[in-house]
Amino acid sequence: MALPAHIARDLRSALRSFRAKNSPMTVPTSAGRALEAWLMMSLARAAQRSGRWSVTLRQGDGSQLPLGATFNFPTYQSGILPSNPTGPSFVQLDRAVPGVDTLALELHGSLQWKGRSGATHEIDVSLLPQSIAQPLRAHGGHPRGLPIAGYECKDKIGAASTDEMRETIARLFDLALVTRPYPGWDCRMFAATSPHVRWGRRQSIYRAFFATGAYGVVRAGGFSRGARNLGRHYHVRRHEGIYGPGAIAAVEARFLQVLDDVDNI
Amino acid sequence: MAASEDLLEIVNILNAEGFGALAGELLIEVNVGRELSDDVGADDVTEVALTGKIVRLDDDRNVEQRFFDTTEGLDASEVRREPIPASEQMRFAAEFLRMKLVDPVRAWAEAEKMAGDLTIELTRFQQAGSVRGFRSPRPVRIEFAERPEEGCLDCRETPYQAR
């Protein structure tokens, strides 16, 4: 059946209006940056609302984002860049629980991590301690190891294939420091700076590593059966239909669980 | 896959208006189709088929045992699909356009509003005791970050022997 003329006309008009009014960031060819930004801010807001974390927006040099300034969301893959206020912005989470040790964490977008193989892996939204990120900002570099939380964002509407989940799990496998990076080092991540900095605990098997963080694939669409089974086995959560009612709440809930247990990671 | 006339017309409009990538993706999604209903929602099938053995994360042997206890005949990664039938392609296309165009714009606007709320929290936190009156939260503009000159990050890192 042919498309009714008035629907065709309205569609053309809507597309022209859409392109005129919206930044390139939200148009479909931009690889889902809108979803990444939304996820990052949703997690930040959830932490703020928990009352246990004080959340601030930061510029690329680590200073607070001034009122009226823009939040620079990275659109390129990179490790942590040398301190620069015009560099990628990030979100800082400071633990604000009386009687508990202070702790600063950073939520980054499109950050590249370096795996044991030497390959770099971009994680759309990832969480790491400031004790790892700050020394890297001095000269630039890649965090190594497994992030506290890591999410892959896909704005595809079809069901994710098993291969898509394999890609995510392969990244996590290369990042997990099951073998010690240096003799005697039991850590979850480290910064190859001078001097070296390390953080967190090592697990003896991969699945235990994955179980003690928040990892997930966040999708506009759903997941195939194979992707579901693979993800479930390796503790990679499947957050489907993310724009639907309540879907983001499940991501936030697991994120907050991990934040509450961050001292045991 | 037989594309319906109205679907092809939508594809042509998308292409003509500069949304060619979206047009291509729509055709692919219609062709790839959906999983057959028997396979959808099968997230827990393996769980049900297992014999209830306790899996301890510190012992991979139990994980292996869990694998071999799966009694299902169907390979877990085997997926049966069917293309979207012609009679449903128009509805599918409408849903596709909503998820690819409308939802991301809403998400982007909400992200900027949430960022604004966080900035206001920062201001109150910084000026505790000195804030007078109520400041309406303003969205923070989120923009693409241009790639600064950075050189080679690898060159700046101390050597690490991958293991």
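Quick rundown of the values:
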{"item": "Per-residue average of Cβ from other chains inside 10 Å of A:172-182", "result": "1"}
{"item": "Loop-located trypsin sites (Lys or Arg not before Pro) in region A:162-239 whose Cβ has at most 14 other Cβ within 10 Å (DSSP)", "result": "A:ARG201"}
{"item": "Gap separating the Cα centres of region A:226-256 and region B:80-110, nearest whole Å", "result": "20"}
{"item": "Sequence ranges B:91-103, A:3-15, ranked by mean other-Cβ count within 10 angstrom, highest first", "result": "B:91-103, A:3-15"}
{"item": "Cα point-scatterer Debye curve for region A:148-265, base-10 log of I(q)/I(0) at q = 0.11, 0.22 Å⁻¹", "result": "-0.40, -1.21"}
{"item": "Positive minus negative residues near A:PHE18 (Lys, Arg vs Asp, Glu; Cβ under 13 Å)", "result": "+4"}
{"item": "Partner lysines for B:LYS100 [C-alpha distance under 26 Å; skip if fewer than 8 residues away on the same chain]", "result": "A:LYS21, A:LYS154, A:LYS156, B:LYS113"}
{"item": "Among B:12-21, A:140-149, A:101-110, the order from most to least packed when residues are scored by Cβ within 10 Å on average", "result": "A:140-149, A:101-110, B:12-21"}
{"item": "Percentage relative contact order, chain A, counting C-alpha pairs under 8 Å, at least six apart", "result": "15"}
{"item": "Cα pair distances of chain A binned at 10 Å [whole percent]", "result": "7, 28, 35, 20, 6, 3, 1, 0"}
{"item": "Counting DSSP beta bridges with both ends in region A:33-264, the antiparallel % (nearest 5)", "result": "70"}
{"item": "Most mobile of A:PHE190, A:PHE71, A:PHE209 in a GNM of chain A (Cα contacts under 10 Å)", "result": "A:PHE71"}
{"item": "Between helix A:162-175 and chain A: long-axis angle, C-alpha atoms, 0 to 90°, nearest 10", "result": "20"}
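Values in this text are rule-based calculations from the coordinates and carry no lab data. Keep in mind that what you see is a predicted model, and the values were worked out from it rather than measured. In this analysis, Cβ positions are derived from the backbone assuming ideal geometry, glycine residues included, and neighbour counts consider all displayed protein chains.
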